[in-house]
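Everything on this sheet refers to the single structure shown next.
The values are calculated or read from the model by the stated rules, or taken from the named source; none is laboratory data. Owing to the predicted nature of the structure, the values given are computational and were not obtained by experimental measurement. In this analysis, Cβ positions are derived from the backbone assuming ideal geometry, glycine residues included, and neighbour counts consider all displayed protein chains. Each accessible area value is taken on the protein alone, full model and side chains, heavy atoms only, with ligands, DNA and RNA left out. Shrake-Rupley method; radii C 1.70, N 1.55, O 1.52, S 1.80 Å.
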Amino acid sequence: MSSVTQKNPIRLFVAHTWVEDEDYHRIFEYLESAPNFFYRNTSTPDQRPSGDKEALRESLRRQIGDAEVTLVPAALYRRSVEWIEFQMHCAKAYDKPVIVLEPFGGKDTIAPAVQELADDVVPWDQRQLVDAIKRQARHEETTRFDVI
């Protein structure tokens, strides 16, 4: 286990369906503004491979295989059940932890199939997201306390 540094960023895969998605971009907005948090994105939603479903699956396997942790925006599941289930099962097959982000705005629920495969479920909160990534990818416990 090694800590997160600029030279040793956490490699993360964010579930996607090769379509422009607000939640996908929002994750990176949260991570970019986190102080002293370094990551490398292994997902390539802008590089949809040509070919059949198997070519798409192979591309996803590579992206997930390169990652230490998988992030799944829960709302994406309802838009593409088959692809999100594939990505979550693939992460599990590679023994990669899966962090699920609650539906943005909190009005929706998380599908039971998604909940079942999640190692961690976090709200859209930068600190909780970063802490979950560090905990799941590198087993780093944060020693932060909430001030009330």
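Numbers below:
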{"quantity": "Given charges at Cβ of Lys, Arg, Asp, Glu: region 51-95 dipole, positive-most of ALA74, ILE64, TYR94", "calculated": "ALA74"}
{"quantity": "Solvent-accessible surface ranking, highest first, for HIS16, HIS139 at 1.4 angstrom", "calculated": "HIS139, HIS16"}
{"quantity": "Alpha-carbon centroids, region 101-119 and region 63-87: separation in whole Å", "calculated": "12"}
{"quantity": "Carbon plus sulfur fraction of accessible area for the chain, probe 1.4 Å, in percent", "calculated": "48"}
{"quantity": "Entries of LYS107/LYS134; LYS53/LYS92; LYS53/LYS107 with Cα pairs more than 22 Å apart", "calculated": "LYS107/LYS134; LYS53/LYS107"}
{"quantity": "Contour minus Cα-Cα distance for LYS92 and PHE28 (0.36 nm per residue)", "calculated": "20.8 nm"}
{"quantity": "Accessible area in the full protein assembly, largest first, 1.4 Å probe, for ASP46, ASP23, ASP125", "calculated": "ASP46, ASP125, ASP23"}
{"quantity": "Solvent-accessible heavy-atom area per residue, rounded to whole Å², over the chain at 1.4 Å", "calculated": "55"}
{"quantity": "Gaussian network model of the chain, Cα within-10 Å springs - most flexible of PRO49, PRO112, PRO73", "calculated": "PRO112"}
{"quantity": "Along the chain, longest interval not containing exposed GluC sites (Glu not before Pro), exposed being DSSP loop plus at most 13 other Cβ atoms within 10 Å", "calculated": "21-140"}
{"quantity": "Value of [θ]222 nm, deg cm²/dmol, for the chain, DSSP H segments ≥ 4, -39500 (n - 2.57) each, nearest 500", "calculated": "-12500 deg cm²/dmol"}
{"quantity": "Nearest-ten-degree value, helix 53-65 long axis tilted from longest Cα axis of the chain", "calculated": "20"}
{"quantity": "Residue-span extension gain [PHE38 to SER50] - 0.36 nm each, minus C-alpha spacing", "calculated": "1.2 nm"}
{"quantity": "Total charge dipole magnitude, the chain, about the Cα centre, Cβ charges on Lys, Arg, Asp, Glu only, Debye to nearest 20", "calculated": "360"}
{"quantity": "Per-residue SASA entry for PHE37, accessible area with 1.4 Å probe, Å² rounded to 10", "calculated": "20"}
{"quantity": "Region 78-109: trypsin sites (Lys or Arg not before Pro) falling in loop per DSSP and having at most 10 other Cβ within 10 Å", "calculated": "LYS107"}
{"quantity": "Separation of the ARG61 and GLU85 label points, Cα + 7 Å toward Cβ, nm", "calculated": "1.9"}
